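> Sharing a structure, written as structure tokens. Questions coming.
The values are calculated or read from the model by the stated rules, or taken from the named source; none is laboratory data. Remember, predicted model here, so these are calculated numbers, not experimental data. Cβ placement follows ideal geometry from the backbone for every residue including glycine, while neighbour counts extend to all protein chains displayed. For accessibility, only protein heavy atoms count, side chains too; no ligands or nucleic acids. Shrake-Rupley method; radii C 1.70, N 1.55, O 1.52, S 1.80 Å.
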Amino acid sequence: MSRAPKPHAPESEDPDDLLIASESLNARYPWRDPAKQVPYGVVLLIAAKLKWSPAAAVVRLGELGYADVQRSEGPLPDAVEPDDAALLSSVERNWGFLPVDIDKTVSLRQIIESAARTGRAPADVARRMTAYGYQVGTGARPLPETANPRDVVLIRVNLRGDWLNWGDKVSGHDVLRVAQELSCSPHLAAERLIALGLRLPFTPEPGDERLLKYADTPGGGWIGQWGSPPVAHILTVARETGRSHEDILARLKVLGCQRPGGNVPESQEEDDLVLLSENLDGELPWLMKNDVVGLQLRHILRASLVTGRSPAQVTERLATLGHWLHENANVPGTAEEADIRLLETVTRSYLDNVHLENVLRSASLTGRSPADVAARLTELGYRLPDEVTYPEVRPGVRAA
């Protein structure tokens, strides 16, 4: 089966003619096939690169044997700004050169990537493409007049090559996803998505900013697509804004958030925020729910000393708030500093066995004898399966 002969280089050695005749507009092989139509975008790019009028480019194409030239519905523009050449090259292709197709509506991706590539506002890019005869899709409002390179991430659905287009609907879950990827406010991401002509299942409200900010972390602290707002966050926002727990939870659901990491009480008790704070000061960082090993016993004992509640009362209240203690744990009747210091040295959970090396480590860090450590950990509910006789002598103390 014979193949069609490849187009030859033009007879003219003029650098401009070589550029016009080259497929990639670089004055090099491969050469354009005279039997194929010259895309309209190529005409504009030739005009931009050579600083000619598009009409002059069409004339020279004809003189070089390229008679079939695609045209737009309207008249040719008088000129093409050289800086606009970057707007006329399609972003839909990962390799090679392809002009934007005049027969198709310009995609939102083309506008946004061109804007990011040139540092322009999306509205400016859309105006230029329209001026050159392209049909640009529109949303419910004009495109933003400000440049923002983050727009590319906002409209990218995934890394497989899926992109949002004009008027597509974006879920609240997706808003949280892109905001998390950009480490920015989900509220600002939602507003920008709407400005780009996309549809959301909710209207962004100024109060959303506070609802979605659960921690004071540089560049973060926003509720993400898989993140659950801590119960303490709900209580704090309610106290600061005067909104009811039900109202806050309902709005967070609309915004695409997961259920809270715990149980939001119908009525808040005075020291709930103290119990729910990691440092037991009623401030950030908040206690995060652990659905694998449960609450740490030392947090209960420390909370008991801070609040004056008994360990059992602390355990009961935290369970009401959704933070459970493992069933193997034995809660002592009173909180003792010695138990807290011991538990701070334990790196095993109630799901794990505590072995000899763990006991010796805790003994070394607390100055207690291995036998004392082993006995107390057993009383607190830890499993010590090793059949070991633990020394009664404290580390660093010789037997008489």
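> GluC sites (Glu not before Pro) within the stretch 1-73: which are DSSP loop residues with at most 12 other Cβ atoms inside 10 Å?
Values: sites: Glu11, Glu13, Glu23, Glu63, Glu73; in loops: Glu11, Glu13, Glu23, Glu73.
Taking the stretch 1-73 and a limit of 12 other Cβ atoms within 10 Å, the loop GluC sites (Glu not before Pro) found are Glu11, Glu13, Glu73.
> In the chain, if the dipole is taken from +1 on Lys/Arg beta carbons and -1 on Asp/Glu beta carbons about the Cα centre, which of Gly381, Val393, Pro186 is farthest to the positive end?
Pro186
> If you line up the long axis of helix 122-131 against the longest principal axis of the chain, both from Cα atoms, how many degrees apart are they, to the nearest 10?
Around 20 degrees separate the two axes.
> Among Lys104, Lys213, Lys253, which one moves the most in a GNM of the chain with springs linking Cα atoms closer than 10 Å?
Lys104
> Ignoring ligands, DNA and RNA, what accessible area per residue does the stretch 15-73 give at 1.4 Å, in Å²?
48
> Dipole of the chain (Lys/Arg Cβ +1, Asp/Glu Cβ -1, origin at the Cα centre): which of Thr203, Ala363, Gly322 lies farthest to the positive side?
Thr203
> Length gain on complete extension for the stretch Glu11 to Glu209, per 0.36 nm per residue less the alpha carbon to alpha carbon distance? Walk me through the intermediate numbers first.
Values: separation 198, 0.36 × 198 = 71.28 nm, distance 6.55 nm.
Full extension of this stretch gives 64.7 nm more.
> Could you tell me which of rounded, prolate or oblate describes the stretch 302-352, using a ≥ b ≥ c as the square roots of the eigenvalues of the alpha-carbon gyration tensor, with rounded for a/c under 1.5 and, failing that, prolate when a/b is larger than b/c and oblate otherwise?
Oblate.
> For the stretch 162-251, what relative contact order do you get, as a whole percent, if you take Cα pairs closer than 8 Å and at least 6 residues apart?
Relative contact order, the stretch 162-251: 27 percent.
> Using Cα atoms only, what is the angle between the long axis of helix 40-50 and the major principal axis of the chain, expressed in degrees (0 to 90) to the nearest 10?
Between the helix axis and the principal axis of the chain, the angle is about 80 degrees.
> What residue among Asn328, Asn165, Asn263 shows peak mean-square fluctuation when the chain is described by a Gaussian network model with Cα springs under 10 Å?
Among Asn328, Asn165, Asn263, the largest GNM mean-square fluctuation belongs to Asn328.
> Now, a different point. Do the sum for the chain: with -39,500 (n - 2.57) for every DSSP H run of n ≥ 4, divided by all residues, what is the mean residue ellipticity at 222 nm, to the nearest 500 deg cm²/dmol?
The helix-only estimate for the chain comes to -11000 deg cm²/dmol at 222 nm.
> Debye sum, Cα scatterers, the chain, no solvent: what log₁₀ I/I(0) at q = 0.09, 0.14 1/Å?
-0.73, -1.15
> Using mean Cβ contacts within 10 Å as the protection proxy, how do 41-47, 283-289 order, highest first?
My ranking of the peptides, most packed first, is 41-47, 283-289.
> Cβ neighbours within 10 Å, averaged per peptide: list 85-92, 363-370 in order, most packed at the top.
My ranking of the peptides, most packed first, is 85-92, 363-370.
> 5 Å is the cut-off here: which amide hydrogens, built 1.01 Å from N in the peptide plane, fall below it relative to Leu325, excluding neighbours closer than 5 in sequence?
Excluding prolines and chain starts, which carry no amide H, the hits are Leu295.
> I've got another one for you. What chymotrypsin sites (Phe, Trp or Tyr not before Pro) does the stretch 25-95 have in DSSP loop regions with at most 15 other beta carbons within 10 Å?
Trp95
> While we're on this one: Cα-based Rg (one decimal) and Dmax (whole number) for the stretch 1-136, in Å?
Both quantities, over Cα of the stretch 1-136: 15.1, 52 Å.
> Could you identify which residue out of Gly333, Gly256, Gly220 has the top mean-square fluctuation in a GNM of the chain using Cα springs shorter than 10 Å?
In the Gaussian network model the winner is Gly333.
> Within the chain, how many Lys pairs sit with Cα atoms under 30 Å apart, leaving out pairs fewer than 8 places apart on the same chain?
Here the count comes out as 15.
> Would you mind getting the accessible area per residue of the stretch 228-325, heavy atoms of the protein chains only, 1.4 Å probe, in Å²?
Roughly 47 Å² per residue, with all protein chains present.
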